[in-house]
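In what follows, a single structure is set out as structure tokens and then discussed.
Taken together, the values in this text are just the output of simple stated rules run on the coordinates, not laboratory data. None of these values were measured; they are calculated from a predicted model. Cβ atoms come from the backbone with ideal geometry, glycine included; neighbour counts cover every protein chain shown.
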Amino acid sequence: MIKEKKKCISINNISKKYEIGTFGFKSVFKKNKTIDALKDINLDIYQSDRVGVLGLNGSGKSTLLKLISRVAYPTRGSIDVEGKISSVLEAGAGFNMELSGVDNIFLNGAILGMNRKRIFSKIKGIVDFSELGEMINTPIKRYSTGMMIRLAFAIVTYLDGDIIILDEIMAVADESFRKKCVSKIITDTISNSRTLLFVSHDIRNIAETCNKIICLNKGKLAYYGEAKEGIKFYNDNFS
């Protein structure tokens, strides 16, 4: 008997509107417009799926991840999440720039509800994977963007999140680190039953990492299904 997959994210008819226009003193004389960043999205994501999110610039990819991460909230609809979310939405997000890399590891672990002993047991793996060496004891504000991305990726994959959310995290990675990230993601989701949501404009990263594809077009869901067919759909319609 095939075991039914557990649903971990349920997105129910969500829409997200943003107001655009001129703000400040002159805005009282000007009517601001609203745009639909996302419109009427319905989908379910299951445990252990590695879901790539594709779409042209402005299609709503990052907005969707922010809503699932609860960095922002939908204008309409609801998102139900089962499990702890660990996310990297941009370089430096979630870091305290005045603290060292080690201190930020403890900070992120505490946010996930981990005790100090549990976090401490993960530090060696995080430092080794990030390849930061002695820089791990240096304040984050002295890190390059690439160094912050290395640490951020190591943190989200080694700490105890059930759902990993990454937004273009490999964009500044060198080839050897990119391959290491892909391998870590696949091994982690399979062995630890974790779920991945991953935005990237690099189709190679999506193809190597993901088994499912969400394709957005102007804020609407254009495709959700198997990766091979989803990548073909994106290439045929948007490349």
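Sum -39500 (n - 2.57) across every DSSP H segment of at least 4 residues in the chain, then divide by the residue count to get the 222 nm mean residue ellipticity, nearest 500.
On the way: 7 runs with 85 residues, N = 239.
Computed ellipticity for the chain at 222 nm equals -11000 deg cm²/dmol.
Using only Cα atoms, what Kirkwood radius does the chain have, in angstroms? Mind dumping the intermediate values first?
On the way: mean 1/r = 0.0529 Å⁻¹.
In the chain this quantity evaluates to 18.9 Å.
Can you check what the net charge comes to around Cys8, using other residues whose Cβ is under 14 Å from the Cβ of Cys8 (Lys, Arg +1; Asp, Glu -1)?
Values: positive: Lys5, Lys6, Lys7, Arg50, Lys84, Arg194, Lys212; negative: Glu4, Asp44, Asp49, Asp80, Glu82, Asp162.
So the surrounding residues net to +1.
At 25 °C and a viscosity of 0.890 mPa s, what translational diffusion coefficient does Stokes-Einstein give for the range 61-164, taking Rh as the Kirkwood radius over Cα pairs? Give it in µm²/s as a whole number.
Working: Rh = 14.3 Å.
For the chosen part, D equals 172 µm²/s.
Evaluate the range 148-215: find the radius of gyration of its Cα atoms, find its Kirkwood radius, and give the ratio Rg to Rh. Walk me through the intermediate numbers first.
Working: Rg = 11.1 Å, Rh = 12.1 Å.
Reported Rg/Rh (Cα atoms, Kirkwood Rh): 0.91.
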